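What follows is a short report on a single structure.
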Amino acid sequence: MTAFDMPEWCEAEDWCPITVTAELLGRKWHPVIVHRLLQQPMGFSQLRKQVHDISDKVLSESLDDLCEKDIVKREVISESPKTVEYSLTDRGKSLAPVIEAMKDWGETHTGDF
């Protein structure tokens, strides 16, 4: 089973696709990272500056998870000094409408809680 395959028991449930999306985007920093990478590919340091208040450890773990799920691609640009660039895969780019909907909803409801 891959990261996005639904278990057999889930296939008949209309809420199962929602759980697949929530599993990916329900993590605190994942949607923010995807949102930033929708703008342009970035190196680790640049991404760290764009995602305020995230620790290096959490950013690294989040990027690893997103790479494992084929949302983000990690490309080594140079070996010395080691330079890495992160960008969205086609699967990651396909999240654009979801991320925009989250942004729009948040703008409308900020302050409601």
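Does LYS73 satisfy the criteria of being more than 15 Å from GLU23 (Cα to Cα), without any contact (Cβ under 8 Å) to a residue 60 or more places away in the chain and not aliphatic (A, V, I, L, M)? So that I can check it myself, show each step before the final result.
On the way: more than 15 Å from GLU23 (Cα to Cα): yes; without any contact (Cβ under 8 Å) to a residue 60 or more places away in the chain: yes; not aliphatic (A, V, I, L, M): yes.
In short, yes.
So which of VAL20, VAL32 is modelled with pLDDT of 95 or more and β-branched (Val, Ile, Thr)? Please lay out each step first, then the result.
Details: VAL20 fails: modelled with pLDDT of 95 or more.
None of the other options fit; the residue is VAL32.
Please enumerate the residues belonging to segment 28-70 that are under 20 Å from PRO97 (Cβ atoms) and loosely packed, with under 14 Cβ neighbours inside 10 Å.
Residues satisfying the conditions are GLN39, GLN40.
GLN50 - would you say it is closer than 21 Å to LYS82 by Cα, in contact with a helix residue (DSSP H, G or I) (Cβ under 6 Å, 6 or more places away or on another chain) and either hydrophobic (A, V, I, L, M, F, W, C) or without any contact (Cβ under 8 Å) to a residue 60 or more places away in the chain (or both)?
On the way: closer than 21 Å to LYS82 by Cα: yes; in contact with a helix residue (DSSP H, G or I) (Cβ under 6 Å, 6 or more places away or on another chain): yes; either hydrophobic (A, V, I, L, M, F, W, C) or without any contact (Cβ under 8 Å) to a residue 60 or more places away in the chain (or both): yes.
Taking the combined requirement at face value, the residue satisfies it.
Any residue in segment 3-21 that is part of a loop (DSSP other than H, G, I, E, B) sitting within a Cβ distance under 7 Å of a residue that is at pLDDT 65 or above? List the pairs, counting only those 6 or more apart or interchain.
ALA3/GLU68; ALA3/LYS69; PHE4/VAL20; MET6/CYS16; MET6/VAL20
May I ask you to list the residues in segment 86-112 that are loosely packed, with under 12 Cβ neighbours inside 10 Å, among the small types (Gly, Ala, Ser) and part of a helix (DSSP H, G or I)?
Result: ALA101, GLY106.
The values are calculated or read from the model by the stated rules, or taken from the named source; none is laboratory data. Here the structure is a predicted model, which means the values were calculated and not measured. For neighbour counting, all protein chains shown are included, and Cβ atoms are generated from backbone atoms with ideal geometry for every residue, glycine included.
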